[in-house]
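Working notes for the structure below.
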Amino acid sequence: MRELSSKCMRTLIPAVLAGLLAVGCGDDDDDTPRPGGDSGVDGGRSDGGLDGSIDGGLDGAVRPTDAGTDGGDAGLPETQIVDVTTAANSAEIMTSQVALTKAQSDDVQSFAQDMIQMHGAAQTRQELLATTLGVTRQTSPQGDLMRATTTQIVQQLQALPQGPAFDLAYVNAQVTLHSTTLQTMDQLLLPSAQTPALRQELTASRAEVATHLTSAQTLLAALQTDGGI
């Protein structure tokens, strides 16, 4: 199998992720400004491509009115909210499992271990909540796209040789994935959730994701400073 360059990876990932929030949204040709950017937290938008080429590709992909502020027809049912959170947690765990076997930097290894532990705990917590609420996970277009994207990212990470190029590619993917998850929560999941306990869990998870994003951006900057490509 031909080894994929980290440059190829960092251009493919945002191209795939760009459609995540757009799935299920209607066409809109007006020029109304759309929300994007920092998602309400410092560093919520990723400009953290290895050469500045990745910005997540998600600005304006979904408007709050598209997502539905009252859980209406345009929003997601809670059965599908659970599917999206499951897919997001799995993305972090699966990509980080690759990093545990291939990352060269101790800091990257530590970050990967944290992601596996924290997103594993979040998944366990969310599954228990869904069971308590009687919510059975239903496959969603957003969850399907995230799973397909995760498969591509994992395949590309596995194709990269061990070393600085892998470390940069993995951390860059983490910036992109966490940016995607943060915007999905802000613009789709939280506006759609109706059950107070589910909204509380999503709000707590959002804070964790924002912290992970900041950590990933800081780690990416340090790798670049230390001679990344």
- Item | Theoretical FRET efficiency, 1/(1+(r/R0)^6), r = Cβ-Cβ of GLN162 and GLU127, R0 35 Å, to 0.05 | 0.55
- Task: With a ≥ b ≥ c taken as the square roots of the eigenvalues of the C-alpha gyration tensor of segment 100-145, please select rounded if a/c is under 1.5 and otherwise prolate if a/b is larger than b/c or oblate if it is not?
- Result: oblate
- Message: What's the ranking of 77-85, 153-161 by average number of surrounding C-beta atoms within 10 Å, highest first?
- Response: 77-85, 153-161
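Read-outs throughout are calculated quantities, based only on the coordinates presented, and are distinct from any laboratory measurement. Small disclaimer: the values here were computed from a predicted structure and weren't measured. Cβ sites come from the backbone with ideal geometry, for glycine too, and all protein chains shown count toward neighbours.
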